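The values are calculated or read from the model by the stated rules, or taken from the named source; none is laboratory data. Computed from a predicted model, the values in this text were never measured in an experiment. All Cβ positions, even for glycine, are placed from backbone atoms using ideal geometry, and neighbour counts span all protein chains on display. Accessible surface areas use protein heavy atoms only, side chains included; no ligands, DNA or RNA. Shrake-Rupley method; radii C 1.70, N 1.55, O 1.52, S 1.80 Å.
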Amino acid sequence: MTLVSLRGVAKQVLLPDDSRLDILHAVDLDVDAGDHVSIVGRSGSGKTTLLNILGLLDSPSAGEVQFGDESTLTMRAGRLDRMRGANVGFVFQQFNLLAGRTALENVAMPLSYASGALFWKRDALAAAMLDRVGLSHRLSSLPDRLSGGEQQRVAIARALVRSPRLILADEPTGALDVETGASVMSLLDEVASESGAALVTITHDLHVAARARRHYRLDAGVLQPVDLDHAFAASAHAERSVVVAEPGAPR
Amino acid sequence: MTARLSLAPAAGALADAWSELRVHKLRVLLSLIGIAVAVGALTAVVALGELQRQVMAEQSDRYGGRIATIMVGASRDDGAPMDWDAMDARFERVAERYAFSRTSRIVDGAVTVPVQLPEGVTQLPSRLVDPDYAAMHRLTLLEGRWFVEGDTELLAPPVVISEALWDMIGRVPVAQHPTITMTGDLAGTYQVVGVTPRDGPWDTTPRVDLLYDTYRERLGAMPSDVAVMREIWVPPTIVDELGPVLAMDMRAGAEPGLTISVNRTDWGAQAGFADSALIFQLVTGAIAGIVLLLGALSLINIQLVAMRQRIREIGVRRSFGATSGRIFTSVFLESVVATTVAGAVGIVLVVLVMRSDWVIELMFPGIQDVPPFPFSAAITGLVASVIVGAIAGLIPALVALRVKVIDAIRF
Ligand SMILES: Nc1ncnc2c1ncn2[C@@H]1O[C@H](COP(=O)(O)OP(=O)(O)OP(=O)(O)O)[C@@H](O)[C@H]1O
Ligand SMILES: [Mg+2]
């Protein structure tokens, strides 16, 4: 069953000097329930823009976005917001936890936009989710007292607490060292698979991309399926040289 | 997901607002001190105005009579002695046509009575009145009772004494039937049935209140050289028409040389009283209003500055399903909740301060019964703080409404 489908999605923005910038060109993409999709691409290729459109945060300039079986074209803003809240969970590169709020409050936040039992039992649900990501001992810690890996685990718990059908992760390991990134990624894979949610991951890292079932490359706004084995082979030399050149890469 | 009627959005918005305030305690605290002070000031002003009016009205009642009191006086300008009994008869005749609910004759300040005190017989100032006097002047007693009809028939005629005199005779409780003894024309034992409180700490006058009729009987007739006034309590709605008619009736057929005056004496007749109270309230209210406005401006300012830092947070919340309406409500409620709490704190502080003994003593020296804190003042303060919160909350809430989610979470 198709969860989100993009048909001929294009995105253009008007720059301050009145010129038009084409960010996305005729993107077609279907994400099925439970799918794991990775998108790689250079900086500035439009990955975040694509992800925002998938997550109903942004609307395309042309083309159509179908969420579930419904076209989002004519949907009103409030409806979109509620639909996003109920169906989409975001994981950001910079974690984007609410400063000054405890881990528990951060994870309970999405539930405060739900209704019924989800709303009234939000603290218990959030605590259970934090337990699931192995942070049951840090419920009342503030984000600035948590390590990067722990913060991203809180963010994963937050993205998953409302049991969304679609998880969108924008370079979730971008701010983490390789090992922590790997463990965070396997956690994300695990909890996503557990809950049957579709996971779309944007990344620079081919190893992270390799975890997905289907792989895409975004190049100057054009989305194409990619064979990762080729990509690995092509980047093997370059990658090695990066490791050699920056032994103490910033964490 | 559907727009089904639910408590959750409202409860959630309130919870958000509260948690935002809790997290940014210091920021909020600073901006709210101004609000608390302003609301406190406003409440205090309204309360003071209210108390002032209450106290002034009470004091005026004591001197000039309640609204509306007409006073009838008489004098002779031909040197002939004044016949007060004839005046009484004249008044009774006229009064038949009017059915006044309460009237009282008053002799105040012109009469002294010789009272046997521990240090010897002393001439004490006395007030001669009828039983209605107390009701007409809202007189409250410290102890015992005021005169009633039929008191003149008692064997030992009753007197009501001032607290200062009561002190001199040893503050014997009225229940133990204290008495005073007088000499001269008034010789005899008088039963103290009541004690009037002091007007203030300065009030050390030992005074004896006697029934007019008691005094008149002892002396045979009212001395012609004292001035007897007669007060009449009339409904305020008819006082303006009634005054001139009554004056005409009282003067009809008066022998030459007899002058009869009819005046309204209660404070309601004095335009200046109401005006000065109003001006006091207007001026202080305007000052409090300005302070409140400044507080609101600083709150708006601080909220707007904070809004810059909160844009990303708002973006994150929006990406997790917060509608723009919900964000608007939360930010708006934040100010309302904050100013309401601050206002309540200000009001409580003002109530506490204004109930403390030395403040009461400072503001209303010698007040007998401390009036309760005017409820209307507290309500005014609370309403003002909610309104200020709504005004101060609207602008940041509108700013929050315009936050573009994509820009807010892009890094
Ligand atoms: N609202 C906007 N106004 C102007 N330019 C924009 C806007 N949104 C995106 N862009 C531009 O479009 C391009 C694609 O942006 P996007 O954020 O999608 O890239 P990205 O692939 O996520 O890059 P990165 O890997 O660095 O995060 C960039 O050049 C960006 O500057
Ligand atoms: Mg990006």
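How many Å² of accessible area per residue for chain B, probe 1.4 Å?
49
Below 21 Å, Cα to Cα, which lysines can A:LYS47 reach? Residues fewer than 8 away in the same chain don't count.
Filter leaves A:LYS11, B:LYS404.
Would you mind counting up the charge near A:GLY8? Only other residues with Cβ under 10 Å from its Cβ, with Lys and Arg at +1 and Asp and Glu at -1.
Net charge around A:GLY8: -1.
For segment A:127-141, in order, what is each residue's ³J(HN,Hα) by Karplus, 6.51 cos²θ - 1.76 cosθ + 1.60 with θ = phi - 60°, in whole Hz (x at glycine and Pro)?
In residue order, the calculated couplings are 5, 5, 5, 5, 4, 4, 8, x, 10, 5, 8, 10, 3, 9, 7 Hz.
Multiply the residue separation of B:ARG308 and B:THR181 by 0.36 nm, subtract the distance between their alpha-carbon atoms, and state the gained length in nm to one decimal.
Separation in residues times 0.36 nm, less the Cα-Cα distance, equals 37.2 nm.
Of A:SER59, A:SER235, which has the most accessible area with a 1.4 Å probe, and how do the rest follow in descending order?
Numbers: A:SER59 75, A:SER235 30 Å².
Result, largest first: A:SER59, A:SER235.
List, in order, the whole-Hz ³J(HN,Hα) value for each residue of segment B:309-325 obtained from phi through the Karplus relation with A = 6.51, B = -1.76, C = 1.60 and θ = phi - 60°; use x for Gly and Pro.
Rounded to whole hertz, the list is 6, 8, 4, 5, 4, 5, x, 4, 4, 4, 6, 9, x, 6, 6, 5, x.
I'd like the accessible area for B:PHE328: 1.4 Å probe, protein heavy atoms, all chains in place, Å² to the nearest 10.
For B:PHE328, the solvent-accessible surface is approximately 50 Å².
Taking every DSSP beta bridge with both residues inside segment B:66-265, roughly what % is antiparallel (nearest 5)?
Restricted to segment B:66-265, the bridges split so that about 80 percent are antiparallel.
Threshold 50 Å², probe 1.4 Å: give the residues of segment A:42-72, in number order, that are less accessible with all protein chains present than with their chain alone.
A:LEU57
Antiparallel as a % of all DSSP beta bridges within the protein assembly as shown, to the nearest 5?
If we restrict to bridges inside the protein assembly as shown, about 65 percent are antiparallel.
Give me a single rounded figure for A:28-39: the average over its residues of other chain Cβ atoms within 10 Å of their Cβ.
0
Can you give the charge dipole size of the protein assembly as shown about its Cα centre, rounded to the nearest 20 debye, using +1 on the beta carbon of Lys and Arg and -1 on the beta carbon of Asp and Glu?
On the way: 59 positive and 72 negative charges, 640 e Å.
Here the size comes out at about 3080 debye.
Out of the trypsin sites (Lys or Arg not before Pro) in segment B:1-110, which ones are loop residues according to DSSP with at most 12 other C-beta atoms within 10 Å?
B:ARG4, B:ARG97
Keeping all protein chains in the complex and leaving out DNA, RNA and ligands, what accessible area do you get for A:PHE232 with a 1.4 Å probe, in Å² to the nearest 10?
60
Along the charge dipole of chain B, pointing to its positive end and built from +1/-1 on Cβ of Lys, Arg, Asp and Glu, which listed residue (B:ILE360, B:GLN116, B:ALA17) has its Cα farthest out?
Of the candidates, B:ALA17 comes out farthest on the positive side.
Ignore the peptide's own chain and count Cβ atoms of other chains within 10 Å of each Cβ in A:110-121; give me the average, rounded.
The mean count of partner-chain Cβ atoms within 10 Å per residue comes to 6.
Binning at 20 angstrom from zero up to the longest distance, how are the C-alpha pair distances of the protein assembly as shown distributed in percent?
For the protein assembly as shown, the binned pair fractions read 15, 30, 17, 15, 15, 9, 1 percent.
In nm, what is the difference between 0.36 nm times the number of residues separating A:HIS204 and A:ALA62 and their Cα-Cα distance?
Separation in residues times 0.36 nm, less the Cα-Cα distance, equals 48.4 nm.
Once amide H atoms are placed 1.01 Å from N in the peptide plane, what residues at a sequence separation of 5 or more from A:ARG217, or on another chain, have their amide H within under 5 Å of its amide H?
Placed amide hydrogens put A:VAL40, A:GLN224, A:VAL226 under 5 Å from A:ARG217.
Where a ≥ b ≥ c are the square roots of the eigenvalues of the C-alpha gyration tensor, would you call segment B:66-265 rounded, which needs a/c under 1.5, or, failing that, prolate if a/b is larger than b/c, or oblate?
Prolate shape, in that a/c is at least 1.5 and a/b is the bigger ratio.
Amide H neighbours of B:PHE147 under 5 Å, at least 5 residues apart or on other chains, H built in the peptide plane: list them.
So B:PHE147 has HN proximity to no qualifying residue.
Hey, rough spin-label estimate for A:ALA33 and B:VAL226, points 7 angstrom out along Cα→Cβ, what's it come to in nanometres?
Between A:ALA33 and B:VAL226, the label points sit 10.5 nm apart.
From Cα pairs below 8 angstrom and at least 6 apart in sequence, can you work out the relative contact order of segment B:151-245, rounded to a whole percent?
32
Sort A:SER45, A:SER136 from largest to smallest accessible area, using a 1.4 Å probe on the heavy atoms of the protein chains.
Details: A:SER45 5, A:SER136 65 Å².
Per-residue accessible area, sorted high to low, gives A:SER136, A:SER45.
If every alpha-carbon in chain B counts as one equal scatterer, what log10 I(q)/I(0) does Debye give at q = 0.07, 0.14 1/Å?
Per q value, in the given order, log10 I(q)/I(0) is -0.56, -1.19.
With all protein chains present, how much of the accessible area of the protein assembly as shown (probe radius 1.4 Å) comes from carbon and sulfur, to the nearest whole percent?
So the carbon and sulfur contribution to the accessible surface is 59 percent.
Sequence-distant or interchain residues sharing an amide H contact under 5 Å with A:HIS36, placed H: which?
Sorted by chain and number, the residues that satisfy this are A:LEU199, A:ARG213, A:ARG214.
Report the local net charge at B:PRO157: Lys and Arg +1, Asp and Glu -1, summed over other residues whose C-beta lies under 15 Å from its C-beta.
Cβ neighbours under 15 Å give a net charge of -4.
Using only the Cα atoms of chain A, what are the Rg and Dmax in Å?
18.4, 55
Lys/Arg Cβ at +1, Asp/Glu Cβ at -1, dipole of chain B taken about the Cα centre: which of B:VAL337, B:ILE260, B:ALA80 is farthest positive-ward?
B:VAL337
Based on DSSP, what percent of beta bridges with both residues in chain A are antiparallel, to the nearest 5? List each step's numbers first, then the result.
Values: 20 of 39 bridges.
In chain A, DSSP labels about 50 percent of beta bridges as antiparallel.
Along the charge dipole of chain A, pointing to its positive end and built from +1/-1 on Cβ of Lys, Arg, Asp and Glu, which listed residue (A:GLY134, A:PRO172, A:HIS25) has its Cα farthest out?
Farthest towards the positive end: A:GLY134.
Specify the residue with the greatest mean-square fluctuation among B:THR265, B:THR181, B:THR214, computed from a Gaussian network of chain B linking alpha-carbon atoms under 10 Å apart.
Judging by the Gaussian network model, the answer is B:THR181.
Suppose a student asked you for the relative contact order of segment B:66-265, using Cα pairs under 8 Å spaced at least 6 residues apart; what percent would you report? Don't skip to the end; give the middle numbers.
Values: 376 pairs, mean separation 75.3, N = 200.
RCO, segment B:66-265: 38 percent.
Just to verify a number: what accessible area does B:GLU241 come out at with the full protein assembly present, 1.4 Å probe, Å² rounded to tens?
The accessible area comes out at roughly 120 Å².
Ranked highest first by the average count of other Cβ atoms within 10 Å around their residues, in what order do B:134-141, B:384-391, A:73-80 fall?
B:384-391, B:134-141, A:73-80
With Cβ to Cβ distances under 14 Å as the rule, what net charge do the other residues near A:PRO60 carry (K, R +1; D, E -1)?
Residues close to A:PRO60 contribute a combined charge of -2.
Please list, in order along segment B:231-246, the HN-Hα scalar couplings obtained from phi with the Karplus expression 6.51 cos²θ - 1.76 cosθ + 1.60 (θ = phi - 60°), rounded to whole Hz, x for Gly and Pro.
9, 10, 9, 10, x, x, 5, 10, 4, 5, 6, 5, x, x, 5, 4
Please give, to one decimal in nm, the separation of the simple spin-label points placed at A:VAL13 and B:ALA156, each 7 Å out from Cα toward the Cβ.
10.2
Would you look at the GNM of chain B, springs on alpha carbons closer than 10 Å, and say which of B:VAL55, B:VAL383, B:VAL208 moves the most?
In the Gaussian network model the winner is B:VAL383.
If I take every Cα pair under 8 Å that is 6 or more residues apart in chain A, average their sequence separation and divide by the length, what percent do I get for the relative contact order?
Computed over chain A, the figure is 26 percent.
Out of all Cα-Cα pairs in segment B:1-102, roughly what percent, to the nearest whole number, are more than 19 Å apart?
Tail fraction, whole percent: 75.
Can you compute the label reach from B:ASP199? Point 7 Å from Cα along the Cβ direction, backbone N cut-off under 20 Å, restricted to segment B:17-52.
Only B:52 fall inside the zone, counting backbone N under 20 Å.
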